[in-house]
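S.K.: Please see the structure below; I have some questions.
The values are calculated or read from the model by the stated rules, or taken from the named source; none is laboratory data. Note that this is a predicted model, so its numbers are computed, not measured. Cβ sites come from the backbone with ideal geometry, for glycine too, and all protein chains shown count toward neighbours. Protein only, heavy atoms only, side chains kept; ligands, DNA and RNA dropped before computing areas. Shrake-Rupley method; radii C 1.70, N 1.55, O 1.52, S 1.80 Å.
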Amino acid sequence: MAGFLDQIEPMKEAALAELRKALDLSALEQSKGSWIGPNGKFTALMKQLGALSKEERPSAGKIINAAKAALEAALAARREELELKAALPKEPTDFTLPGRRRALGKLHPLTQVTEDIVRSFRKIGFVVADGPEIEDEYHCFDALNTPADHPARDSQDTFYLNTPDKLLLRTHTSSVQIRVMKSQPPPVRIIVPGRVYRRDNADATHNPTFQQIEGLYVDKNVTVGDLKGTVEFVFKELLGEETKIRFRPHYFSYTEPSFEIDFSNALVKKLGKDWLEIAGCGMVHPQVFENVGYDPEIWTGWAFGFGIERIAMLRYGINDIRLFYENDVRFLKQF
Ligand code: DAH
């Protein structure tokens with residue numbers, strides 16, 4: 001018994017020294033195996049416990065267990081040290097270097113322009129309304145007093161869906177006028193930004209999908225003067241205080257009288273022109289009011305619609321509409 005116990009202390013010391021010296025995790029695992037693994041030296045010593053007498057076994061067992069616990073504690077401590085060391089950078093770190101910042105994204109130029117337009121209209125009491133991009137002929141055409149033989153309704157001009165009820169991709173945001181008026185009594189003061197679709201071939205100024213903003217104002221005693229004043233206010237906000245606008249007579253089936261809006265400012269002059277056409281508008285046709293159940297003897301109103309791309313192109317000096325949809329970051333980063 002004495003010889004057996006005498007071996008424990010020096011063996012423990014030797015094992016501790018080796019474990020503490022291990023230079024990395026794999027060296028540590030290796031010396032763990034050689035001492036307390038199944039074939040380890042310390043394990044072999046423990047196996048001799050069985051050869052001791054019944055009386056000797058408890059105290060010897062105690063001593064051996066204490067030694068084993070000390071080895072395991074040393075093993076865990078060294079492992080923690082080595083793990084920490086492994087996690088540290090190999091190169092020295094210069095903590096005075098500036099941090100790396102994540103580059104922030106930006107809103108798409110069309111979204112920026114839309115938000116500016118919406119902000120201007122909000123100042124004068126308009127709210128944003130919304131409607132579906134997949135429409136039916138009723139909201140897109142019939143209720144807007146657009147007859148069946150109108151070219152906009154031709155399959156060469158409009159994307160029809162292959163459904164029995166002739167659903168289509170809306171050709172303009174004017175369909176939302178009908179949806180809003182049908183859902184609430186007057187007065188109405190809305191703007192509707194949204195995507196529209198037409199069967200155009202893409203070129204520098206056309207794309208089969210683009211975005212519009214529709215406006216609708218319905219109240220008593222509304223005049224063309226209100227329309228002109230509102231349009232002037234918003235365009236000056238958008239394109240600069242020196243912006244001038246003019247109304248040219250035109251035809252739309254859902255307004256009477258109807259106009260096209262031209263505007264003029266330094267940008268237009270730069271393009272070598274005096275005026276540039278920008279929007280359609282007019283006084284809401286009495287038939288449209290009839291169609292939505294508003295009494296045209298009581299209610300009056302105006303509406304307009306314009307393309308957002310057109311305004312963004314002018315504002316930023318962009319000469320090809322397709323740039324908006326290619327999502328080339330080199331283009332998008334500029335705005
Ligand atoms: N919907 C027309 C278009 O897409 C634009 C338009 C013209 C809208 C006159 C209106 C309006 O509300 O009154 O070209």
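S.K.: What list of ³J(HN,Hα) values in whole Hz, one per residue of the stretch 5-15 in order, does the Karplus curve 6.51 cos²θ - 1.76 cosθ + 1.60 (θ = phi - 60°) give from phi, with Gly and Pro shown as x?
M.R.: 5, 5, 6, 5, 4, x, 5, 4, 4, 4, 5
S.K.: Using 1/(1 + (r/R0)^6) with R0 = 56 angstrom and r between the beta carbons of D274 and T96, what's the FRET efficiency to the nearest 0.05?
M.R.: 0.40
S.K.: With θ set to phi - 60°, apply the Karplus curve 6.51 cos²θ - 1.76 cosθ + 1.60 along the stretch 246-256 and write out the HN-Hα couplings as whole Hz, x wherever there is a Gly or Pro.
M.R.: 9, 9, 10, x, 8, 10, 10, 6, 9, 10, 7
S.K.: Restricting the count to DSSP beta bridges whose residues both fall in the chain, what percent are antiparallel, rounded to a multiple of 5?
M.R.: 95 percent
S.K.: Which order do F4, F252 take when ranked by solvent-accessible area (1.4 Å probe, heavy atoms of all protein chains), largest first?
M.R.: F252, F4
S.K.: Continuing with the same structure: Subtract the Cα-Cα distance of L107 and A69 from 0.36 nm times their separation in residues, and report this length gain in nm to one decimal.
M.R.: Working it through step by step, the gained length comes to 7.4 nm.
S.K.: What length, rounded to one decimal in nm, is gained on full extension from Y138 through to L332, with 0.36 nm per residue of separation minus their alpha-carbon distance?
M.R.: Extra length available between Y138 and L332 comes to 66.1 nm.
S.K.: If I model a spin label at R20 and I124 as a point 7 Å from the Cα along the Cα→Cβ vector, what separation in nanometres do I get?
M.R.: Placing both labels 7 Å along Cα→Cβ, they lie 8.5 nm apart.
S.K.: Given points 7 Å out from each Cα along the Cα-Cβ axis, report the Y251 to H206 separation in nanometres with one decimal.
M.R.: 2.1 nm
S.K.: Would you mind getting the accessible area per residue of the chain, heavy atoms of the protein chains only, 1.4 Å probe, in Å²?
M.R.: Here the residues of the chain average 57 Å² of exposed surface.
S.K.: If you filter the stretch 14-66 for trypsin sites (Lys or Arg not before Pro), then keep DSSP loop positions with at most 13 other Cβ within 10 Å, what is left?
M.R.: Here the trypsin sites (Lys or Arg not before Pro) that fit, given the DSSP loop and packing criteria, are K54.
S.K.: When only the heavy atoms of the protein chains count and the probe is 1.4 Å, how do S258, S26 rank by accessible area, highest first?
M.R.: Output order, biggest surface exposure first: S26, S258.
S.K.: Follow-up. For a quick check: with amide H placed at 1.01 Å from N, whose amide H comes under 5 Å from T171's, ignoring anything fewer than 5 positions away on the same chain?
M.R.: It is Y197, by chain and number.
S.K.: Just the number, please: carbon plus sulfur as a percent of the accessible area of the chain, 1.4 Å probe, no ligands or DNA/RNA counted.
M.R.: So the carbon and sulfur contribution to the accessible surface is 53 percent.
S.K.: Report the per residue volume, in Å³, of the convex hull enclosing the C-alpha atoms of the chain.
M.R.: 313 Å³
S.K.: A follow-up question, please. What percent do you get for the relative contact order of the stretch 238-303 when only Cα pairs under 8 Å and 6+ apart count?
M.R.: Once divided by the residue count of the stretch 238-303, the mean separation gives 28 percent.
S.K.: Put Y294, Y197 in order of accessible area, largest first, 1.4 Å probe: what do you get?
M.R.: Y197, Y294
S.K.: Which of the lysines could a cross-linker bridge to K123, judged by Cα under 17 Å and excluding same-chain residues fewer than eight apart?
M.R.: Output for K123: K228, K236.
S.K.: If you count only protein heavy atoms and use a 1.4 Å probe, how large is the accessible surface of E83, to the nearest 10 Å²?
M.R.: About 100 Å², rounded to the nearest 10.
S.K.: What is the set of long-range amide H partners of V128 at a cut-off below 5 Å, with H atoms built 1.01 Å from backbone N?
M.R.: Amide H to amide H, under 5 Å and 5 or more residues apart or across chains, V128 pairs with I191.
S.K.: So how much accessible area does K236 have, in Å² to the nearest 10, using a 1.4 Å probe?
M.R.: Result for K236: roughly 60 Å² accessible.
S.K.: While we're here: When the Karplus curve 6.51 cos²θ - 1.76 cosθ + 1.60 is applied with θ = phi - 60°, which whole-Hz ³J(HN,Hα) does each residue of the stretch 16-25 get, with x for Gly and Pro?
M.R.: 4, 4, 5, 4, 5, 8, 3, 8, 8, 5
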